[in-house]
Amino acid sequence: MDFAWTSEQESFRASVRQFIQDNLPDNWEHIAHGPASKEQSAFAKQFCGALAEAGLLVPHWPERWGGRDADPWIAFILAEEMWMAGEPRGGQYMNVNWIGPTLMLFGSEAQQERYIPPMARGETIWCQGFSEPESGSDLASLRTRAERVGDVYRINGQKIWTSYAGDADTCFLLARTSQGKGGISIFLLPMTTPGITVRDIPSIIGEGDIHEVFFDDVEVPESARLGEEGQAWEIVGKALSLERVGIPRFALASKTLADAVKLLQSRGSFGPGVAEQAAKAHAACEAARLYSYSIIDQRAKGIIAGAEASVGRFATVICERLVSEFVVEHVPEAISGAHPLLLAHHQRGIVAGIASGAAEIQLNLIATQFLELPREPR
Amino acid sequence: MDFALNDDQLAVEGALDKLAERFATSPVDFHGFALVSQELDNELEESQYFEIAAIPEMGPLSAALAVERLARLPYTAEIALSMLVRPHLDLELPRPIAVIENGRPGRYVASAKTLIVIDGDSVGIAHPTPDDVEALPDSLFAYPMGRLTGSPEVTPLPAEQAEAVRNWMRVACAAEMAGLLQAAVDATVEHISVRKQFGRPIGTFQALRHRIAECAVLTGGVRWLALKAAWSGDAGDAALAALHAQDSATRVIYDVHQMSGAMGMTLEMDLHLWTYRMKALISELGGRSGQAQAVAQHCFGASAA
Ligand SMILES: Cc1cc2nc3c(=O)[nH]c(=O)nc-3n(C[C@H](O)[C@H](O)[C@H](O)COP(=O)(O)OP(=O)(O)OC[C@H]3O[C@@H](n4cnc5c(N)ncnc54)[C@H](O)[C@@H]3O)c2cc1C
């Protein structure tokens, strides 16, 4: 057991920091508000292009796809630095983390050739069409249908809470081809296909982030299906195991806390009571950090994390909550816009326990799979 | 970073697992608080476990792993201070070691050969005679508690050593707490898996499943923070680990007792062995606000209040 970074990892982190410093504009903190504002999304395309040129967009991908086969630590260090900077990659972090790797595992050659190179060049935005109005945590109950009609699939239904859908070029869509869990299939669907309507949902998280997406007789060829019919559950399981600790939320939470503390110290408002709250939040951030690192360590050793990933996720939810509550209580003006980066953290932090699998679902998984308690009756 | 045990650490773990087997169940007729084993102490002494922090291939991290492992046992002995604090003082300190903090009763005080005497900001060392100390056999804390009755001569430690004592006491507290938390969670998982009410194991009720899952998350977090602090020896890491330990324990103790019902209130279930050890550790070094001030000082660069 060893908690030290290697010198390669340290110099990689330094180079990412340098890149960020050189490439973020002076008014970045005004762009970074709202994870998917128009300005941020526009900037992300330019920024990801530059990242790709510098070899910093997909270093952990195989050489064949524009990477250099770097280990998961490199990808995670990159993600930490990006997230701490306010995620200038915008929605493209999803491509980098799991959509690209999933296509490498399950895509046809034609799908890989069509979709992966633009991702590796940082030119394209995807969205994840999973959740539906009646299917949030209970994803397997989704109803959007993909009916086989001749040599095409005709898709009808609705997705909701879809991040980045307003800017996305392609949707990684789950739709039902028959009954049950085994009846869900994946479609790689260009968002310009006739019959798709996207509507912005105003939210606390900020402009442009979440959407409703409607599908009315949208027709796609069979070649748009990823994997076999009914293979979605297996593929998504694999994809989400890449995603589950995908976002190093603790990194931004802990930076936000440090910024808030500095601010309070500078105005002489960091008394013992405030310090105690800050200290607890800091400890929670560090616990979440170590949990996440322990899972990356497993991944680096070729072990796919099981229920430990849920334990780490929940530790992250605890730290996000403590930091966000700390800022609300002690730097309330941040919520009114006085400190854009603190506000940006707030907007990202509040969804930690909901987006990509609710906290309570993580607790269910911990109880059943990690503690091996007898199951709840159905 | 490597979160797996290396060969040396695996060897220590294997040996401790084997040793632990003999101390893994409390005697059926034991209905008390301080379940101490001199035999465990002797074994650890003979096999030189108290020296592992000083062995280069092992170091404080291996010692912390050992403290955590042994803290999961129903039997206890003076382990954490000897394994994690003593090696950082350039003094020959006979054990058992105990801490007297601002005159309060402490663990192992009545049998201690070395006392670490903390008085406000000063830290000193004393070697008490039997007349200087008194056992407190009625204490609910599941350690042998004692207090200082005499005034043995206290040799003050220079500031740097005093700081080292505080830091490593924090690491020791967190490592021991990690094991105690784990044992308490394990005992509760077992209880709620078999105890039936309303025709089903109470561990199938989501109100309890979520609660115990949260306890498990906190427990693992304390363990990582304790191990990291033992590895780095950094004052900030030590303060964070101790704070998270005391804070998590405060919550977990309440939850595991709730989930264990009246059975957890008996001296039959052993739960109290872990929870009342944790309760003793919760107040160390000023409790949570004490650790928080240390975090503020070492991590946020605030001056100590
Ligand atoms: C900012 C943001 C971005 C998102 N982006 C996307 C996206 O890009 N693509 C996408 O497909 N989805 C996206 N989502 C949706 C997200 O995946 C869902 O919100 C999530 O799965 C939870 O579903 P829900 O919101 O319907 O909540 P529900 O499932 O209705 O849950 C509400 C509450 O009930 C609890 N609950 C539900 N079932 C149980 C149970 N069995 N036991 C105990 N408690 C339970 C939940 O834990 C939660 O506390 C996003 C959400 C947010 C907030």
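The values are calculated or read from the model by the stated rules, or taken from the named source; none is laboratory data. Computed from a prediction, not measured in an experiment: that's the story for all the values here. Neighbour counts are summed over all protein chains in view; Cβ atoms, including those assigned to glycine, are modelled from backbone coordinates with ideal geometry.
Among residues of region B:278-294 that are more than 11 Å from chain A (Cβ to nearest Cβ), those with a beta-carbon under 9 Å from a residue that is aromatic (F, W, Y) at least six positions away or on a different chain give the pairs B:K279/B:F141; B:A280/B:F141; B:A280/B:Y143. Residue count for region A:335-372 satisfying the condition of being more than 9 Å from the ligand (Cβ to nearest atom), aliphatic (A, V, I, L, M) and either surrounded by fewer than 17 Cβ atoms within 10 Å (Cβ to Cβ) or within 21 Å of A:G208 (Cβ to Cβ) (or both): 7.
Restricting A:R121, A:R145 to those that are away from chain B (no Cβ under 14 Å), closer than 30 Å to A:G67 by Cα and more than 8 Å from the ligand (Cβ to nearest atom) reduces the list to A:R121. Residue count for region A:155-174, restricted to those that are assigned to a strand (DSSP E or B), within 12 Å of the ligand (Cβ to nearest atom) and either assigned by TED's automatic domain parsing to the domain that holds A:T102 or not β-branched (V, I, T) (or both): 6.
Scanning region A:351-362 for any residue that is in contact with a Pro (Cβ under 7 Å, 6 or more places away or on another chain) and facing chain B (nearest Cβ under 9 Å) turns up nothing.
Within region B:46-68, being charged (D, E, K, R) and either touching a helix residue (DSSP H, G or I) at 6+ places or on another chain (Cβ under 9 Å) or within 13 Å of another protein chain (Cβ to nearest Cβ) (or both) holds for B:E51, B:E57, B:E68. A count restricted to region A:1-26 and to residues that are surrounded by 14 or more Cβ atoms within 10 Å (Cβ to Cβ) and touching a strand residue (DSSP E or B) at 6+ places or on another chain (Cβ under 8 Å) stands at 1. Within region A:180-203, take every residue that is in a loop (DSSP other than H, G, I, E, B) and at pLDDT below 95 and give me the one that is farthest from the ligand (Cβ to nearest atom). Top of the filtered list is A:G180.
Evaluation of B:L218 against the conditions (1) out of contact with any helix residue (DSSP H, G or I) (no Cβ under 7 Å at 6 or more places or on another chain); (2) at the interface with chain A (Cβ under 9 Å from one of its Cβ atoms) shows that the sole unmet condition is (1). Can you confirm whether region A:287-306 contains a residue that is facing chain B (nearest Cβ under 7 Å), of a type in the set (A, V, I, L, M) and in a helix (DSSP H, G or I)? Yes, region A:287-306 has at least one match. Of everything listed in (1) under 30 Å from A:W5 (Cα atoms); (2) at pLDDT below 95; (3) away from every other protein chain (no Cβ under 14 Å), the single unmet condition for B:V85 is (2). Filtering region A:259-274 to residues that are exposed (fewer than 12 other Cβ atoms within 10 Å of the Cβ) and more than 9 Å from every other protein chain (Cβ to nearest Cβ) leaves A:S266, A:R267, A:G268, A:S269. Residues in region B:246-305 that are farther than 20 Å from A:P272 by Cα and among the charged types (D, E, K, R): B:R251, B:D255, B:E268, B:D270, B:R277, B:K279. On the given criteria, is A:A281 out of contact with any Lys or Arg (no Cβ under 6 Å at 6 or more places or on another chain) and facing chain B (nearest Cβ under 8 Å)? Considered against the rule, which asks whether it is out of contact with any Lys or Arg (no Cβ under 6 Å at 6 or more places or on another chain) and facing chain B (nearest Cβ under 8 Å), A:A281 comes out as no.
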